[in-house]
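Enquirer: Below: one structure in structure tokens.
The values are calculated or read from the model by the stated rules, or taken from the named source; none is laboratory data. Note that this is a predicted model, so its numbers are computed, not measured. Because the Cβ atoms are built from the backbone with ideal geometry, glycine has one as well, and the counts that use them run over all protein chains shown.
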Amino acid sequence: MINKKSIWFLTLFSLILVLSVYYVTMPSELLLNNNSNYTKEETEKKEDTTVKVEESEILVALRVEADETLNEELDKLKKTLTDSNATTDEKNEAYDKMKTLNNNRGQEETLEKLIKDTHNLDSFVKIDGDQIKVVIASEKHDVKLANEIMRTVQSNFQNKMYISVKFEK
């Protein structure tokens, strides 16, 4: 007795078999011509819609340096956490420092995005305790703009922060 599942299986299997035979017997020139036309059209479309976004070399260098130091500190703290000879106080302190470093990195990224959104400027932010250093990629050195950036950054913190803004090209 043939049931519905068997019929569906045979139908789909035969369909796949027929399509694969058709694909194998199809002339290869037809496949090559269609693919070359398709890729030419796609590359032309991609070239038209390419957007160039460049970031200041100084900001990139600062980010790389900050990431390297952060990774080194995190590695040291991870070694302390996994050290069997370390006391629980040392491990707790290392964990708290790791948590603080990760929170600071998240706040730095948030502040960079905030500065980008509000002032349309590329920036680098470094938080060290209660000090915040902001480097702006701009040729224009404007005291009013620096003051606005300081207010924008301070609005994200409840405690008084010591904020410095530096303009770099």
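Enquirer: Please pick out the residue among Thr82, Thr110, Thr50 that is modelled with pLDDT of 85 or more and over 18 Å from the mean Cα position of the chain (by Cα). Before the answer, list the steps.
Expert: On the way: Thr110 fails: over 18 Å from the mean Cα position of the chain (by Cα); Thr50 fails: modelled with pLDDT of 85 or more.
Within the list Thr82, Thr110, Thr50, the selection yields Thr82.
Enquirer: Given Asn85, Asn104, which one is out of contact with any helix residue (DSSP H, G or I) (no Cβ under 8 Å at 6 or more places or on another chain) and touching a residue at least 12 places away in the same chain (Cβ under 8 Å)? Let's see the steps before the verdict.
Expert: Details: Asn85 fails: touching a residue at least 12 places away in the same chain (Cβ under 8 Å).
None of the others qualify; the one that does is Asn104.
Enquirer: Within segment 73-123, which residues are touching a Lys or Arg at 6+ places or on another chain (Cβ under 6 Å) and either within 26 Å of His141 (Cβ to Cβ) or surrounded by fewer than 16 Cβ atoms within 10 Å (Cβ to Cβ) (or both)? Don't jump to the end; show me each part of the working.
Expert: Here is the first cut: in segment 73-123, the residues touching a Lys or Arg at 6+ places or on another chain (Cβ under 6 Å) are 77, 81.
Leu81, the sole residue that qualifies.
Enquirer: In this structure, does Glu44 turn out to be in a loop (DSSP other than H, G, I, E, B), under 45 Å from the mean Cα position of the chain (by Cα) and modelled with pLDDT of 55 or more? Don't jump to the end; show me each part of the working.
Expert: Details: in a loop (DSSP other than H, G, I, E, B): no; under 45 Å from the mean Cα position of the chain (by Cα): yes; modelled with pLDDT of 55 or more: yes.
In short, no.
Enquirer: Mind checking whether some residue in segment 125-146 is of a type in the set (Val, Ile, Thr), surrounded by fewer than 17 Cβ atoms within 10 Å (Cβ to Cβ) and either touching a residue at least 12 places away in the same chain (Cβ under 8 Å) or in contact with a Cys (Cβ under 9 Å, 6 or more places away or on another chain) (or both)?
Expert: Step one: of segment 125-146, the residues of a type in the set (Val, Ile, Thr) are 125, 127, 132, 134-136, 143.
Checking the rest, the ones that are also surrounded by fewer than 17 Cβ atoms within 10 Å (Cβ to Cβ) come to 143.
Going one step further and asking which of them are either touching a residue at least 12 places away in the same chain (Cβ under 8 Å) or in contact with a Cys (Cβ under 9 Å, 6 or more places away or on another chain) (or both), we end up with none.
No, that holds for no residue.
Enquirer: Moving on. State whether the residues of segment 33-41 include one that is over 30 Å from Lys166 (Cα atoms), part of a helix (DSSP H, G or I), at pLDDT below 85 and among the acidic types (Asp, Glu). Let's see the steps before the verdict.
Expert: As a first pass, look at segment 33-41 and keep what is over 30 Å from Lys166 (Cα atoms): 33-41.
Subset that is part of a helix (DSSP H, G or I): 33-41.
With at pLDDT below 85 added as a condition, the list becomes 33-41.
Now drop any that are not among the acidic types (Asp, Glu), which leaves 41.
Scanning segment 33-41 turns up at least one residue that is over 30 Å from Lys166 (Cα atoms), part of a helix (DSSP H, G or I), at pLDDT below 85 and among the acidic types (Asp, Glu).
Enquirer: Hey, another quick one. Residues in segment 118-156 that are under 25 Å from the mean Cα position of the chain (by Cα), within 22 Å of Glu57 (Cβ to Cβ) and not in a strand (DSSP E or B): how many?
Expert: Going through segment 118-156 one residue at a time, the tally reaches 6.
Enquirer: Another question, then. May I ask you to say which residue of Leu81, Leu74 is in contact with a Phe, Trp or Tyr (Cβ under 9 Å, 6 or more places away or on another chain), outside any strand (DSSP E or B) and farther than 30 Å from Leu145 by Cβ? First the steps, then the outcome.
Expert: Details: Leu74 fails: in contact with a Phe, Trp or Tyr (Cβ under 9 Å, 6 or more places away or on another chain).
Of Leu81, Leu74, the one residue that is in contact with a Phe, Trp or Tyr (Cβ under 9 Å, 6 or more places away or on another chain), outside any strand (DSSP E or B) and farther than 30 Å from Leu145 by Cβ is Leu81.
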